[in-house]
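Peer 1: Pasting a structure below so you can have a look.
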Amino acid sequence: MEKQRVVVAMSGGVDSSVTAALLQEQGYEVVGVTMRLSEEARDADPDGRSCCSLSSVDDARRVADILGIPHYVMDFTEPFQRLVIDYFTQEYARGRTPNPCIACNRHIKFEGLLEKTRALGAQYIATGHYARITRTDDGTYHLRKGIDAAKDQSYVLYHLTQEMMDHVLFPLGDYCKDEIRRMAEDYGLPVAHKAESQEICFVPRDDYKSYLRTHAPQTMQTGAITDRTGHVLGTHEGIAFYTIGQRRGLGIAAEHPLYVIALDAAENRVIVGTSDEVFARALTASDLSWTLPRPPHEPRRVRAKIRYGKREANAWMEPQGDGTVAIHFSEPQRAVTPGQSIVFYEGDAVLGGGSIDHVTP
């Protein structure tokens, strides 16, 4: 029987390396691919923790040599610039807080790589994400959390459609991180104890403020810090320096603690308020994507997650019929941030998600 071919996205880290080894052990014909995303991403990390640094490409190639699999470097610099870096700077200019890792996963690691794999004659792509895909008897796929709660990455994968999941493998979803490092040792892989990659691969030293000074100077214009009524309390250094819920660094003397509660890009204002005003009971979300066979049209109860690393909260989801949903939380949520992703769960299954737009106190 002819082996099924799978393209593994190899970053040079331990997770993607073990992914390749596991799939080879399971009988797949494995092809390793490292994505070249940008010159900035390559040069941003002298320590080699970025997935695109020269040393990470070398690590991926070394692992491929040890496993005896072919390895290719594919150029994704143009779509990465357009769909990730430009999006990153544009969102900050709009007074929103972007999530470039979700944009990269959606447009580059899955949509982009799936398209390229066809040229390699592969049936599947695989990544080192800690998530699971299951299939029911009727052929429906379900994206589920990884069993390692501390490493679960289902939040960043809500864009996967039924068609895409038919061609995606997540072999690490049934393991914990410690097990993966032990496996890497057993396989004799030199990356077994390599440090985790940095959060934003194209931003040197994760200093996004310096990056924005160069690439989006419009976000660094000084302006007023006001309360909800418009009363001026101070001056800010640029809206990109601030995030919802922030208390430190405001430079305002007040009788009670003040927190950032909104960013007004149109007026170049940072709006502050009390700790109670940081909480929100409702929001609307757009740019929706569903893992379900069909988008939901009826209201339903969900568990909603408003940022990576935060626990889900009980909520009522109401599709609006215009490509948006309204979300009403059972309990007020702190620091709901426009631009971040909200992801909907039912049990351990991801239903879908979208981008947070408007927030209601």
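The values are calculated or read from the model by the stated rules, or taken from the named source; none is laboratory data. Nothing here was measured: the structure is a model prediction, and the numbers come from that model. We place every Cβ from the backbone using ideal geometry, glycine too, and count neighbours over all the protein chains shown.
Peer 1: Quick test for you: out of Glu163, Glu111, pick the one residue that is over 19 Å from the mean Cα position of the chain (by Cα) and of a type in the set (Asp, Glu).
Peer 2: Glu163
Peer 1: Could I ask something else about it? Taking the criterion of being touching a strand residue (DSSP E or B) at 6+ places or on another chain (Cβ under 6 Å), closer than 22 Å to Ala103 by Cα and outside the structural domain of Arg228 (by TED's automatic domain parsing), would at least one residue in the stretch 313-322 satisfy it?
Peer 2: Looking through the stretch 313-322, none of the residues is touching a strand residue (DSSP E or B) at 6+ places or on another chain (Cβ under 6 Å), closer than 22 Å to Ala103 by Cα and outside the structural domain of Arg228 (by TED's automatic domain parsing).
Peer 1: Then there's this: Could you list, in sequence order, the residues of the stretch 87-115 that are basic (Lys, Arg) and either surrounded by fewer than 18 Cβ atoms within 10 Å (Cβ to Cβ) or outside any helix (DSSP H, G or I) (or both)? First the steps, then the outcome.
Peer 2: Taking the stretch 87-115 first, the residues basic (Lys, Arg) are 94, 96, 106, 109.
Matches in the stretch 87-115: Arg94, Arg96.
Peer 1: Let me ask something else about it. Within the stretch 48-70, which residues are closer than 30 Å to Pro204 by Cβ and at pLDDT 80 or above?
Peer 2: If we filter the stretch 48-70 for residues that are closer than 30 Å to Pro204 by Cβ, which is where we start, we get 48-65.
Correct list: Ser55, Ser56, Val57, Asp58, Asp59, Ala60, Arg61, Arg62, Val63, Ala64, Asp65.
Peer 1: What is the number of the single condition among (1) under 21 Å from Leu37 (Cβ atoms); (2) modelled with pLDDT under 95 that Pro79 does not meet?
Peer 2: (2)
Peer 1: Here's another thing I want to ask about it. Among the listed residues Ile133, Ile147, Ile125, which satisfies the condition of being assigned to a strand (DSSP E or B) and without any contact (Cβ under 8 Å) to a residue 60 or more places away in the chain?
Peer 2: Answer to the check: Ile133.
Peer 1: Which numbered condition in (1) part of a helix (DSSP H, G or I); (2) within 30 Å of Trp316 (Cβ to Cβ) is the only one that Arg281 fails?
Peer 2: For Arg281, the exception is condition (1).
Peer 1: Let me ask something additional. What residue, of Val270, Val336, Val350, is among the hydrophobic types (A, V, I, L, M, F, W, C), in contact (Cβ under 8 Å) with a residue 40 or more places away in the chain and under 27 Å from Gly139 (Cβ atoms)?
Peer 2: Val350
Peer 1: Got at least one residue in the stretch 240-254 being in a strand (DSSP E or B), touching a Ser or Thr at 6+ places or on another chain (Cβ under 9 Å) and of a type in the set (Ser, Thr, Tyr)?
Peer 2: There is no residue in the stretch 240-254 that is in a strand (DSSP E or B), touching a Ser or Thr at 6+ places or on another chain (Cβ under 9 Å) and of a type in the set (Ser, Thr, Tyr).
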